[in-house]
Amino acid sequence: MNKLTLLAALTISGCGLLHTDSVRAAENRQSDIGGLEVSAQLFDVIEQWQMGYATTVSLEDLLMNEHTDLFDQWLLQVEEQLGGRTIIHYFKQQHPEFYDSARIDLSTEVNANLLMHWAAVSAPQTLLDWQQSQLAPKGLDLSNWLRTHEPAVLNQYRQAAALPTSHNRYGQFADYLTASKPSAELRGEGQRLLNHYANRGAGDHCACDVVTTFQESGYSVNINPNVEEHNWLGNLKRKRYVKQVKNKAAHSADMVRYIQHAANDVSRIDTSYLRTRTTILCLSGSGGQCESGSCTGELDLQAEYGSKVWVKTSAAGGPLSASRSLASDSGMLTYDPPGPVSEQTLFNKGVVLSRAQDTTFNTDSFVTFLEGALGIAALIATDGATLADLEFDLVDKTVKGLLGLISHNGNDGENHENFYVDFDSNTAAPYLLNSEETHTFELTSKGQVYSRGWGGNKSWSWGRYNSAYWLAGAVKNFSCDDGVIPPDRTGFWSYASAGGPLSNGTMVGNINAFLATELGYTGTAASGSSTGTLTMNDPKYPIADCDITPNFSLGPVTSTFDGTDSFDPDGSIVSYEWTLSGTPTGSGSIITEYFPPVTYMTGYPVTLTVTDNSGLSTTTSCDTVRICAATGCVARPYPQAYKISL
């Protein structure tokens, strides 16, 4: 579960709409009913509802999502009783890896209250161990605290935990959606989702589908600053200009700086992102929970990020003139698995490119500092170059774990570098996608341009970065319980460029090649939409459903075998074949079978095989008809005789 979903309050606002197109037009934020791409707001509702299944219920989850005020009250009382310093000291000493992970993940000074909130989301077992060893002896663990302060909530949890794992404590999804008080748009989108399940012919049977949502930076252009000054003769005196473009997780910055005689500088940072969340949602045709089945599937993902970084300097007018320019960019792909497992970094690389027309700073000491502070494994420094001095805080304002630093020095000139980084889950193993679990992938780009210059008659500097990315996923190889309508094989993708080194043609070709390899797709869906989903509309196997009446008798009986509840999700059933104890016994949706008198209790297992108009067949075990003697059920005398009185 994505940490932001658990920690943040559920906010329902405007949302996108579901449509029936086979491929979604991403720019209009429409949704593909075939691939079940939904708005982020509807996905939030789905994700919260799925947490109601007993397998995901913990006492901490219950309070954090339904009784936040009680959870906060408990933490405050624990902190008052033990002291914040004592709590932090315990985790630092007993769970140092947990404490270090919290500091990195939270990116701020950790206090006791924040640490415990983080533990409830990211390390529930550690929080439970702490309660049992430190709080339970004092009666301060969550269970004991609720027993004293809110026993009704504790009883609610115990009742939910006692339910079968297939039961959702929030009830039917349709009712939960209504209870969340959605906006008119979200209510309409939710109803179209429910109609989709009803149209699959599921009835009371369970149907599963892959559901995906995208969140992104969107497209924007920002020009700041845009300063241009002239002297009384009309000659250019000062210029500072930065144009930044966001396009989902791709971005660009174009910087120009000019100064005559005085000093000035310009610096801008930009972060862009794309986030995709995927789950398998299983519902009945009436929009209810599935009490009798679920599905699993395999998810494969590929992604690539590329950036072109460029710097240029020019200075004139004496030995004290200077011109410096720096541009950096990076791409990071993370995976947030379901449950308490920590977020994983799949790649995180970038490049810093600098040009300095200035000989007044010590290059070696600065390079040494960067190697230690940034942990750059392969630091490249050429031409005896120097970056700006430490007034430009490279440690905080650019990414860590960079691919390398490339710097240049000398006369007027320019330099540029391209870098690429990619990920392919096929190099390891696919991700296992279970019903009621969310898998989150996020691609984040971070770039900066910086320039400074002074002195002489004029000093120019330019800096630029332009990036592009593509990401594609496929969900397939489903394994479902008997009677469950499986999802279609599903693909999703996103790509964008802000003048980066990956052309649209290359990215579209890569995405279509991925979909062809993973799903056997032969079209060009990515050519028409830069973000979208598709389904393969796989032929559906029929669902075999049978009823035997009666299935028990004292003495001879004629039983009815009824297969009329069987159905085909995408066609019609053309034949019904019955077996009795492994031997064919009749054809048709309804047949009768006579069972003669017996001396000993005898069981007759029954199976039904249905075949649809596409030639696909499904066999299911019905019931075992048990026939006893008229005087009672007597077992055969092996290994020993016994009698059951009725």
Breaking point among (1) in a loop (DSSP other than H, G, I, E, B); (2) open to solvent by less than 30 Å² (accessible area, probe 1.4 Å); (3) at negative phi, for Thr278: (1)
Checking Gly35 against (1) assigned to a helix (DSSP H, G or I); (2) at pLDDT below 75; (3) small (Gly, Ala, Ser), which single condition isn't satisfied? (1)
Being open to solvent by less than 30 Å² (accessible area, probe 1.4 Å), at pLDDT 70 or above and touching a Lys or Arg at 6+ places or on another chain (Cβ under 9 Å) narrows it down to one residue among Glu60, Glu47; which is it? Glu47
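From the list Asp270, Asp265, Asp254, exactly one residue is more than 30 Å from the chain's Cα centre (by Cα), at pLDDT below 90, surrounded by fewer than 24 Cβ atoms within 10 Å (Cβ to Cβ) and acidic (Asp, Glu). Which is it? I'd like the intermediate steps shown before the answer.
On the way: Asp270 fails: more than 30 Å from the chain's Cα centre (by Cα); Asp254 fails: at pLDDT below 90.
Exactly one of Asp270, Asp265, Asp254 is more than 30 Å from the chain's Cα centre (by Cα), at pLDDT below 90, surrounded by fewer than 24 Cβ atoms within 10 Å (Cβ to Cβ) and acidic (Asp, Glu), namely Asp265.
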Just to be sure before I move on: is Gly234 loosely packed, with under 13 Cβ neighbours inside 10 Å and either in contact with a helix residue (DSSP H, G or I) (Cβ under 9 Å, 6 or more places away or on another chain) or farther than 30 Å from Ile485 by Cα (or both) in the structure I sent? yes
Quick one: would you say Thr440 is crowded, with 24+ Cβ neighbours inside 10 Å and closer than 23 Å to Val38 by Cβ? no
Restricted to region 198-217 and to residues being among the acidic types (Asp, Glu) and in a strand (DSSP E or B), the residue least open to solvent (accessible area, probe 1.4 Å) is Asp209
Name the single residue, out of those in region 152-197 being surrounded by 16 or more Cβ atoms within 10 Å (Cβ to Cβ), of a type in the set (Gly, Ala, Ser) and part of a helix (DSSP H, G or I), that is modelled with the highest pLDDT. Gly190
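Residue check: is Ser530 under 27 Å from Thr607 (Cα atoms) and either under 24 Å from the mean Cα position of the chain (by Cα) or of a type in the set (S, T, N, Q) (or both)?
On the way: under 27 Å from Thr607 (Cα atoms): no; either under 24 Å from the mean Cα position of the chain (by Cα) or of a type in the set (S, T, N, Q) (or both): yes.
Here the answer is no, as Ser530 does not meet what is asked.
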Return the pairs, sorted by first residue and then second, in which the second residue is assigned to a helix (DSSP H, G or I) and crowded, with 17+ Cβ neighbours inside 10 Å, the first residue lies in region 181-202 and is free of Cβ contacts under 8 Å to residues at least 24 places away in the same chain, the beta carbons are less than 9 Å apart, and the residues are 6+ apart or on different chains. Arg187/Leu177; Gln191/Ala174; Gln191/Leu177
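Glu593 - would you say it is open to solvent by 60 Å² or more (accessible area, probe 1.4 Å), part of a strand (DSSP E or B) and either modelled with pLDDT of 90 or more or closer than 30 Å to Pro487 by Cα (or both)? I'd like the intermediate steps shown before the answer.
Numbers: open to solvent by 60 Å² or more (accessible area, probe 1.4 Å): no; part of a strand (DSSP E or B): yes; either modelled with pLDDT of 90 or more or closer than 30 Å to Pro487 by Cα (or both): yes.
No: the conditions fail for Glu593.
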Looking at Asn144 and the list (1) in contact (Cβ under 8 Å) with a residue 24 or more places away in the chain; (2) out of contact with any Phe, Trp or Tyr (no Cβ under 9 Å at 6 or more places or on another chain), which single condition is not satisfied? (1)
So, in region 125-145, exactly how many residues are open to solvent by 50 Å² or more (accessible area, probe 1.4 Å) and of a type outside the set (S, T, N, Q)? 4
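Do we have any residue at all in region 219-226 that's under 30 Å from the mean Cα position of the chain (by Cα), at pLDDT 85 or above and polar (S, T, N, Q)? Let's see the steps before the verdict.
So in region 219-226, the residues under 30 Å from the mean Cα position of the chain (by Cα) come out as 219-222.
Right, trim to at pLDDT 85 or above and you get 219-222.
When the remaining residues are screened for being polar (S, T, N, Q), the result is 220, 222.
Checking region 219-226: at least one residue is under 30 Å from the mean Cα position of the chain (by Cα), at pLDDT 85 or above and polar (S, T, N, Q).
Identify, from the list Tyr495, Tyr521, the residue that is in contact with a helix residue (DSSP H, G or I) (Cβ under 9 Å, 6 or more places away or on another chain) and either open to solvent by 30 Å² or more (accessible area, probe 1.4 Å) or without any contact (Cβ under 8 Å) to a residue 24 or more places away in the chain (or both). Explain how you work it out, then say what you get.
Values: Tyr495 fails: either open to solvent by 30 Å² or more (accessible area, probe 1.4 Å) or without any contact (Cβ under 8 Å) to a residue 24 or more places away in the chain (or both).
Exactly one residue qualifies, and that residue is Tyr521.
Is region 535-551 home to any residue that is under 24 Å from Tyr431 (Cβ atoms) and not in a loop (DSSP other than H, G, I, E, B)? Lay out the reasoning, then the answer.
Filtering region 535-551 down to residues under 24 Å from Tyr431 (Cβ atoms) leaves 535-538.
Subset that is not in a loop (DSSP other than H, G, I, E, B): 535.
For region 535-551, residues under 24 Å from Tyr431 (Cβ atoms) and not in a loop (DSSP other than H, G, I, E, B): present.
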Does Tyr53 qualify as being on the phi < 0 side of the Ramachandran plot, modelled with pLDDT of 80 or more and open to solvent by less than 80 Å² (accessible area, probe 1.4 Å)? no
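Looking at this structure, is Val475 touching a residue at least 12 places away in the same chain (Cβ under 8 Å), hydrophobic (A, V, I, L, M, F, W, C) and over 30 Å from Val610 (Cα atoms)? Spell out the reasoning first.
Values: touching a residue at least 12 places away in the same chain (Cβ under 8 Å): yes; hydrophobic (A, V, I, L, M, F, W, C): yes; over 30 Å from Val610 (Cα atoms): no.
Considered against the rule, which asks whether it is touching a residue at least 12 places away in the same chain (Cβ under 8 Å), hydrophobic (A, V, I, L, M, F, W, C) and over 30 Å from Val610 (Cα atoms), Val475 comes out as no.
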Only one of Lys181, Lys243, Lys239 that is among the charged types (D, E, K, R) and within 28 Å of Gly306 (Cα to Cα): Lys243
In region 570-590, what residues are assigned to a strand (DSSP E or B) and out of contact with any strand residue (DSSP E or B) (no Cβ under 7 Å at 6 or more places or on another chain)? Thr583
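Please work out which residue is farthest from Ala207 (Cα to Cα), limiting yourself to region 570-590 and to residues that are touching a Phe, Trp or Tyr at 6+ places or on another chain (Cβ under 8 Å) and surrounded by 15 or more Cβ atoms within 10 Å (Cβ to Cβ).
Only one residue fits best here, namely Thr585.
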Quick one: how many residues across region 412-464 are assigned to a helix (DSSP H, G or I) and of a type in the set (Asp, Glu)? 0
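Restricted to region 75-112, and to residues that are among the hydroxyl-bearing types (Ser, Thr, Tyr) and at pLDDT 80 or above, which residue is least open to solvent (accessible area, probe 1.4 Å)?
First, the residues of region 75-112 that are among the hydroxyl-bearing types (Ser, Thr, Tyr): 86, 90, 99, 101, 107-108.
This time we only want the ones that are at pLDDT 80 or above, so: 86, 90.
Values: Thr86: 80, Tyr90: 36 Å².
Per the stated criteria, the residue is Tyr90.
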Would you confirm, using the coordinates I've provided, whether Val475 is of a type in the set (A, V, I, L, M, F, W, C) and surrounded by 24 or more Cβ atoms within 10 Å (Cβ to Cβ)? yes
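Considering region 596-615 alone, what residues qualify as being closer than 19 Å to Phe552 by Cα and either among the acidic types (Asp, Glu) or not in a strand (DSSP E or B) (or both)?
First pass over region 596-615, keeping only residues closer than 19 Å to Phe552 by Cα: 596-608.
Across region 596-615, the qualifying residues are Pro596, Pro597, Val598, Thr599, Tyr600, Met601.
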Neighbours by Cβ (under 7 Å, 6+ apart or cross-chain): first from region 532-554, within 13 Å of Ser617 (Cα to Cα) and open to solvent by 30 Å² or more (accessible area, probe 1.4 Å); second aliphatic (A, V, I, L, M) and not in a strand (DSSP E or B): Pro539/Leu616; Tyr541/Leu616
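The values are calculated or read from the model by the stated rules, or taken from the named source; none is laboratory data. As the structure is a computational prediction, the values presented were derived from the model and not from experiment. Counting neighbours? That spans all protein chains shown, and the Cβs are built from the backbone with ideal geometry, glycine included. Keep in mind that these areas ignore ligands, DNA and RNA; they rest on the heavy atoms of the full protein, side chains included. Shrake-Rupley method; radii C 1.70, N 1.55, O 1.52, S 1.80 Å.
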